[in-house]
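The values are calculated or read from the model by the stated rules, or taken from the named source; none is laboratory data. None of these values were measured; they are calculated from a predicted model. Heads up, the Cβs are rebuilt from the backbone with ideal geometry, glycines too, and the neighbour counts pull from every protein chain shown.
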Amino acid sequence: MPDDYPWPCVKAPNDLHLFDFVTRSIRGEGRFYGCHLLDQARRWPFLRAETPKSAAVVSQFLVSAWQEVGLPGALYLDNDAVWNGGGRGQRVLSTIVRLCLFVGVEVIFIPPYTYEANPIIESFNSFWDRNFWSRTTFRDLAHVQAELPFLEHYCRHRRPLPEPEFDSRTADQIAPDFVPVCLSATFDQHRQDRLPITAGRVNFIRFVSSAGTFSVLNERWQLDKKHWTGKTIRAMVDTQRQLLLAYHQPKSSENCRLVAQFDYSLGEAVVPLAAEFQRKQPAFWPSVK
């Protein structure tokens with residue numbers, strides 16, 4: 001990854017959840033999607049196998065995860081059209097983004113087609129393939145769903161984490177006294193036809209093109225070509241102020257720089273974050289110099 005890639009700072013459990021999916025097919029059954037969510041700080045997984053990959057299904061997956069694992073400070077994910085919303089015109093905030101904002105979760109999209117920007121979840125996907133998918137000939141989706149809880153339990157309680165910083169501890173040995181803030185078991189607002197846009201932040205990490213531009217939700221934005229071509233920026237939509245703010249963080253710097261600011265009208269009312277979802281948020285990004 002580029003030296004100026006703005007990795008979010010993660011210090012504690014549920015600061016950041018990583019989300020991705022894998023696509024597999026079963027003969028006679030067709031395609032299904034393995035939905036994988038990891039708490040980055042302790043590698044605690046929440047795993048499901050779903051079909052189809054729709055906004056409603058993914059919304060329910062996230063709600064179920066956050067009811068059990070707890071609400072994160074932010075969700076870190078790729079640019080699939082189901083959760084990005086970018087395939088449906090300009091400045092369209094998807095069902096998934098609206099759900100995140102509604103419950104006080106910041107959103108961070110990695111650059112398009114840059115899987116190495118989510119290396120922890122990609123490593124887990126490979127582990128899932130080797131130790132789950134490739135070890136069994138699954139009869140149907142129900143068979144996959146029946147076996148997944150055993151893998152999930154193993155990854156939470158028995159698997160020594162391979163990264164050196166964990167010293168072969170298991171996920172449940174990382175922060176054993178941690179008490180998550182969970183989404184209510186009765187939460188059902190995600191079943192509404194359309195959630196409002198809630199005050200919050202949606203980040204798009206982007207590489208600046210040779211023309212000095214970057215793209216967010218099917219719109220291109222111009223920066224000073226001489227200074228920013230080839231750099232990596234974090235474009236943040238502040239829904240409350242309806243601004244698009246572009247930041248750059250130089251290598252090894254403890255600060256970031258505000259590169260540009262654009263008006264970003266969303267075309268609808270933005271509601272405040274409900275009191276029940278207000279909580280102290282992690283400081284993912286360095287201060288602005």
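Just one residue in the set ARG201, ARG206 is closer than 19 Å to PRO72 by Cβ, charged (D, E, K, R), modelled with pLDDT of 95 or more and under 21 Å from the mean Cα position of the chain (by Cα); that residue is ARG201. For the criterion of being within 23 Å of SER94 (Cα to Cα), free of Cβ contacts under 8 Å to residues at least 12 places away in the same chain and not assigned by TED's automatic domain parsing to the domain that holds ARG279, ASP188 passes. When the residues of region 133-147 are filtered to those that are part of a loop (DSSP other than H, G, I, E, B) and in contact with an Asp or Glu (Cβ under 7 Å, 6 or more places away or on another chain), which remaining residue is farthest from PRO6 (Cα to Cα)? Among them, the one singled out is ASP140.
Against the criterion of being in a loop (DSSP other than H, G, I, E, B) and on the phi > 0 side of the Ramachandran plot, ALA175 qualifies.
For region 8-34, a residue qualifies if it is under 13 Å from the mean Cα position of the chain (by Cα) and surrounded by fewer than 22 Cβ atoms within 10 Å (Cβ to Cβ), and the qualifying residues are PRO8, ASP15, ASP20. Quick one: would you say LYS251 is more than 24 Å from the chain's Cα centre (by Cα) and at pLDDT below 95? The answer is no for LYS251.
Here's a check for you: in region 83-118, which residue that is over 27 Å from ASP4 (Cα atoms) and among the polar types (S, T, N, Q) is surrounded by the most Cβ atoms within 10 Å (Cβ to Cβ)? Step by step, filter region 83-118, then rank; the result is SER94. State whether one or more residues within region 125-144 are in contact with a Ser or Thr (Cβ under 6 Å, 6 or more places away or on another chain) and of a type in the set (A, V, I, L, M). Within region 125-144 (the criterion being in contact with a Ser or Thr (Cβ under 6 Å, 6 or more places away or on another chain) and of a type in the set (A, V, I, L, M)), the answer is no, since none of the residues qualifies.
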